[in-house]
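The structure appears below as structure tokens.
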Amino acid sequence: MPRHLLTPLAATLMAVATFHAMATPPAPAAPTASAPVSPMPADPYLWLEDVQGDKALGWVKERNAASRKVLEAHPDFDANRTRFKQILDAKERIPYATRQGDWFYNFWRDADHPRGLWRRTPLAEYRQPAPKWEVLLDVDALGKAESTNWVWSRASCLGGRSTRCLVSLSRGGADATVVREFDLATKRFVEGGFALPEAKSIVEWLDEDTVFVGTDFGPGSLTDSGYPRVIRRWQRGQPLAQAVTVYEGRATDVSAFVNVDDTPGFERTTFGRSPDFFSTEIAVAGSLRGDKPVTLDKPADAQLAFWRDLVLVELRSDWTVGGATWPRGSLLAADATAYLKGERRFTALFTPTPARSLSGYSFTRSQVLVNVLDNVAGRAEAWSRRADSSWAKKDIAAPYPGTLAVTGLHDPKVANDPLAEAFTATYVDFLTPDSLLMGSTTSDTLEKIKSRPAYFAAAGMKVEQRFATSKDGTRVPYFVIWPQGAKADGSNPTLLYGYGGFEVPMNPWYSGAFGTGWYAKGGVMVVANIRGGGEFGPGWHQAAIKANKQKSYDDFIAVAEDLVAAKVTSPRHLGIMGGSNGGLLVGAVMTQRPELFNAVVCQVPLLDMRRFNQLLAGASWMAEYGNPDVPADWAVISRYSPYHNVKPGVRYPHPLIITSTRDDRVHPGHARKMAARMMEQGHEVLYYENIEGGHGAGADNFQHADRQALEMAYLWQRLGK
């Protein structure tokens, strides 16, 4: 399960860049038992939580029609939608790929294939400007043949000499997927093969005839958050009900998980449970088959991974062990055998500073590639072991400052792997389109093999990094993207974007949509790096969770006030945007400081913080917000819960609230009920709910382009000069 289940929507909602997230299991702790909170007044809009109910969908369709009538009236709406879709469909985009064996695999959408093609090509061909691809699965054709609105989710292939994969598809873009076994040789689904009905499942190959599976096995098999609690070993041809249970978590956990490491000579299976979002308990099995797993000793909130004969530990809290104290945010390496025997001798491959934090890591055959954030810009390092087992660091020369992600290409199942020391590096910044480079730990040079074209003229534009001072004196960085010719006279239409949660950083990206629809027409873009995010490591995140969540909102407000004080803009021309946790951010800030803004784009948001833990995956986020069923926690949450703080008689900046019916992560009831309550109180609200799209609020490029055009029309209507 991804480390952050609530992801920022900048990539999908703004047609921008690629955010790279390490896929690691989430984590820890059961809610504290306590006396129940005093009941709130009856909620008159609970009926809007009935996602597919006729009455609720009738309300949605009525609001959609009213909002579209207003927003489509903007003179640039049609042109923007057409242009945004052209950008999303452009064949000149970089076909980002994952390597397995001799192949590079890619999933691709364009105008001819709106639901997409799963395809592959060898490396020599991938390097070409226009590679020749072997199409494995046409999702549009599949959907048509089966009369189902299939949306691609992912594929997991066994690798090595096997041609078998597990393909996950969702209906309408939901997180819940149907899993089917697929044969690369025949390019067909395997008749009678492994298959799972729609659920939020975990499936991991053990061998060609065995998988580990966590899914909805029936009552008691899921956690309170709706994720797998039970892991079973399932043999080919065996009824799923007869699969052997090999690991169990608890109902109060976020999820159970499993990982098979089939690196030749270092095979191991690990199981785990996530008591809450930020902690894990991990057990290593005595064999690949998962027999008798033994729980490892580690800090609860540390992430632990094996790599060949080593163990790597990423700390989220300070750890005093073996006569040393390692600060939170460190990445430690140790001999795996010695660690399992209880020895705690580490080498730090990364230790944080006030300006530098760990962004992620990956591997070549012999080295650890470490991605670093340095004042919210990317750098990369390669760490190698000497013959005496000491470590040496080498900086990887790469473009700067912007967003950099270095990823190893080694496949341990390939004998004499020609890409054993190779890696890819992706680079992007606000004014520079994405580029894909290839390098090796044996060389000091990077080769650019692909780049995205520029979609707007950046000449005369500039990017600044500034700092605002928050309510408690903390310096909060933010980026300002200035259009050509703009002056600090207080009249610039300005959009402030933020997220501030789950240790997710807001790194620079390139947006063709905002470049053509906003910057080129005189709009200023601002990206705030507020606490709660991951820009400066776990401490930056932990400073604004639970009882301190208000600090995220204070930081965002401080950036807005700084923009006004510096005459970058004024409240009349200042709008804010955020999605998911960022939707909660802009909802809270709107209710706290409505006079500071004139537009709010609130995307797939959490808004009813009294019931968030009872809706879909909401229980998994109590480590971030607290438990509203505990009186002390609700006393804090109630002060910022947007649904409970919007009031009649206050002038709010006429928000645009956007969600998706098929969002099975953040319940669409949050957005629906907030809009209904505001309208009941006499406030003007625009509401739009895409029927498909899941948490990304769009199932194909047209839906994304359409929504972006609606948002752009709204912003110019509200903020234009």
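Could you state, as a whole-number percent, how many of the C-alpha pairs of the range 609-721 are farther apart than 22 Å? Present the calculation step by step, with values, prior to reporting the outcome.
Details: 2820 of 6328 pairs.
Of all Cα-Cα distances in the range 609-721, 45 percent exceed 22 Å.
Relative contact order of the chain: what whole-number percent is it, with Cα pairs under 8 angstrom and at least 6 residues apart?
On the way: 1784 pairs, mean separation 100.5, N = 721.
RCO, the chain: 14 percent.
If you take the charge dipole of the chain about its Cα centre, with +1 on Lys and Arg Cβ and -1 on Asp and Glu Cβ, which of P668, A520, T263 is farthest toward its positive end?
A520
Counting only residues 5 or more places away or on other chains, whose amide H sits under 5 Å from the amide H of L136 once H atoms are built in the peptide plane?
Here W118, R119, R120 satisfy the definition.
About its Cα centre, what dipole magnitude does the range 41-132 give when the only charges are +1 on Lys and Arg Cβ and -1 on Asp and Glu Cβ, stated in debye to the nearest 20?
Dipole about the Cα centre, nearest 20: 460 debye.
Specify which residue in the list P131, A111, A145 is farthest towards the positive end of the charge dipole of the range 78-178, using unit charges on the beta carbon of Lys, Arg (+1) and Asp, Glu (-1), about the Cα centre.
Projecting each Cα onto the dipole axis, the largest value belongs to P131.
So what's the range 355-437 giving for Cα Rg divided by 2.2 N^0.38 Å, two decimals?
1.17
Given a cut-off of under 8 Å on Cα pairs at least six residues apart, what relative contact order in percent is computed for the range 82-175?
18
Pop a pseudo-label 7 angstrom from the Cα along the beta-carbon direction at both Q614 and R236 and give the gap in nm to one decimal.
Calculated label separation equals 4.8 nm.
Suppose R0 equals 22 Å; then what is the FRET efficiency for I449 and D110 from their Cβ-Cβ distance, rounded to the nearest 0.05? Display every interim value, and only then the final one.
Values: r = 20 Å, r/R0 = 0.93.
It comes to 0.60.
What are the ³J(HN,Hα) values, in whole Hz, obtained from phi via the Karplus relation 6.51 cos²θ - 1.76 cosθ + 1.60 with θ = phi - 60°, for each residue of the range 312-322 in sequence order, with x given for Gly and Pro?
10, 10, 9, 8, 10, 9, 4, 9, 9, 7, x
No other cysteine beta carbon under 4.7 Å away is the test; run it over the chain and list who passes.
C602
Let me know the charge dipole size of the chain about its Cα centre in debye, to the nearest 20, where only the beta-carbon of Lys, Arg (+1) and Asp, Glu (-1) is charged.
Roughly 960 debye for the chain.
Put +1 on the Cβ of each Lys and Arg and -1 on the Cβ of each Asp and Glu in the chain; which of F84, G159, A699 then has its Cα farthest toward the positive end of the dipole?
Of the options given, the answer is F84.
Counting only complete DSSP H runs, which helices of the chain cover 20 Å or more along their long axis at the Cα atoms and score a mean Kyte-Doolittle of -1.0 or above? Don't skip to the end; give the middle numbers.
Values: long enough: 54-71 (25 Å, -0.66); 550-565 (22 Å, 0.09); 701-719 (26 Å, -0.73).
Length and hydropathy pass: 54-71, 550-565, 701-719.
Calculate the translational D of the range 167-231 in whole µm² s⁻¹ from Stokes-Einstein, where the hydrodynamic radius comes from the Kirkwood formula applied to all Cα pairs, the temperature is 10 °C and the viscosity 1.306 mPa s. Write down the numbers at each step before the final one.
Details: Rh = 12.7 Å.
Using the Kirkwood radius from Cα pairs, D works out to 125 µm²/s.
How large is ³J(HN,Hα) for each residue in the range 172-179, as worked out from phi by the Karplus curve 6.51 cos²θ - 1.76 cosθ + 1.60 (θ = phi - 60°), to whole Hz, x for Gly and Pro?
x, x, 5, 5, 5, 10, 9, 10
Put E146, E421 in order of accessible area, largest first, 1.4 Å probe: what do you get?
Descending order: E146, E421.
Quick one: divide the alpha-carbon radius of gyration of the range 288-352 by 2.2 N^0.38 Å and tell me what you get.
Computed over Cα atoms of the range 288-352, the ratio equals 1.11.
Using only the Cα atoms of the range 63-148, what semi-axes does the equivalent ellipsoid have when each is the square root of 5 times a gyration tensor eigenvalue? Give whole Å, largest first.
Those come to 34, 18, 9 Å.
If I stretch the segment between R250 and Q128 completely, what's the gain in nm (0.36 nm per residue apart, minus their alpha carbon distance), one decimal?
Computed gain between R250 and Q128 is 38.9 nm.
Note the count of lysine pairs whose C-alpha atoms are less than 27 angstrom apart in the range 492-647, limited to pairs 8 or more residues apart or on different chains.
5
Carbon and sulfur: what percent of the chain's accessible surface (1.4 Å probe)? Mind dumping the intermediate values first?
Values: 13730 of 27120 Å².
Solvent-exposed carbon and sulfur of the chain make up 51 percent of the total.
If you count the DSSP beta bridges with both ends in the chain, what percent of them are antiparallel, to the nearest 5?
Of the beta bridges lying entirely in the chain, close to 85 percent run antiparallel.
Below 8 Å, C-alpha to C-alpha, sequence gap of six or more: please give me the relative contact order for the range 307-411 in percent.
Worked out over the range 307-411, it gives 18 percent.
Heavy atoms only, 1.4 Å probe, whole protein assembly: order S287, S147 by accessible area, highest first. Please report the intermediate quantities before stating the final value.
On the way: S287 40, S147 110 Å².
Descending order: S147, S287.
Determine the sum of side-chain charges near A124: Lys and Arg each +1, Asp and Glu each -1, restricted to other residues whose C-beta is under 11 angstrom from that of A124.
Once all neighbours under 11 Å are counted, the net charge is 0.
Cut-off under 27 Å on the C-alpha distance; same-chain residues fewer than 8 positions from K144 excluded. Which lysines are left, in chain and number order?
K61, K85, K91, K132, K187, K200
Tell me the mean residue ellipticity at 222 nm calculated for the chain from its helices only (DSSP H runs of n ≥ 4, each -39500 (n - 2.57), averaged over every residue, nearest 500).
Computed mean residue ellipticity for the chain: -5500 deg cm²/dmol.
Taking the alpha carbon gyration tensor of the range 136-253, what are the square roots of 5 times its eigenvalues, largest first, to the nearest whole Å?
One finds semi-axes of 24, 19, 11 Å for the range 136-253.
If I model a spin label as a point 7 Å beyond the Cα along the Cα-Cβ vector, how far apart are those points for D183 and E680 in nm?
5.8
Relative to the compact-globule scaling 2.2 N^0.38 Å, provide the ratio for the alpha-carbon radius of gyration of the range 212-266.
Compared with the compact-globule rule of thumb, the range 212-266 sits at 1.23.
Check which residues have an amide H placed less than 5 Å from F104's amide H, if you skip close sequence neighbours.
Under 5 Å from the amide H of F104: T121, L123.
Quick one, can you get me the convex hull of the C-alpha atoms of the range 469-560 expressed as volume per residue in Å³?
96
Taking θ as phi - 60°, what are the ³J(HN,Hα) couplings along the range 115-130 by the Karplus curve (6.51, -1.76, 1.60), each to the nearest whole Hz, with x for Gly and Pro?
3J(HN,Hα) across the range 115-130, in whole Hz: 8, x, 10, 8, 8, 8, 7, x, 4, 4, 6, 4, 5, 6, x, 10.
How large is the dipole of the range 244-372 about the Cα centre if only Lys and Arg carry +1 and Asp and Glu carry -1, each at its Cβ, rounded to the nearest 20 debye?
220
How big is Rg to Rh over the range 407-494, alpha-carbon atoms, Rh as the Kirkwood inverse-mean-distance radius?
1.19
How long are the semi-axes of the equivalent ellipsoid of the range 226-375, taking √(5λ) for every eigenvalue λ of the Cα gyration tensor, in whole Å from largest down?
That gives 30, 18, 15 Å for the three semi-axes.
Skipping prolines and chain starts, which residues have an amide H placed within reach, meaning under 5 Å, of the one on Y510, given they are 5 or more residues away or on another chain?
A17
If you rank L158, L222, L331 by how much accessible surface each has, with a 1.4 Å probe, what is the order from largest down?
Solvent-accessible surface, decreasing: L222, L158, L331.
Can you figure out the FRET efficiency of A392 with K55, using R₀ = 60 Å and their beta-carbon distance, to the nearest 0.05?
With a Förster radius of 60 Å, E is 0.35.
At a Förster distance of 25 Å, what's the computed FRET efficiency of A348 paired with Q465, Cβ-Cβ distance as r, to 0.05? All intermediate terms of the calculation are to be shown ahead of the outcome.
On the way: r = 28 Å, r/R0 = 1.12.
The calculated FRET efficiency here is 0.35.
Which translational diffusion coefficient, to the nearest whole µm²/s, is obtained for the range 656-701 from the Stokes-Einstein equation, given a Kirkwood hydrodynamic radius over C-alpha pairs, 20 °C and 1.002 mPa s?
In µm²/s, the coefficient rounds to 198.
The values are calculated or read from the model by the stated rules, or taken from the named source; none is laboratory data. Note that this is a predicted model, so its numbers are computed, not measured. Cβ atoms come from the backbone with ideal geometry, glycine included; neighbour counts cover every protein chain shown. These area figures cover heavy atoms from the full protein model, side chains too; ligands, DNA and RNA do not enter into them. Shrake-Rupley method; radii C 1.70, N 1.55, O 1.52, S 1.80 Å.
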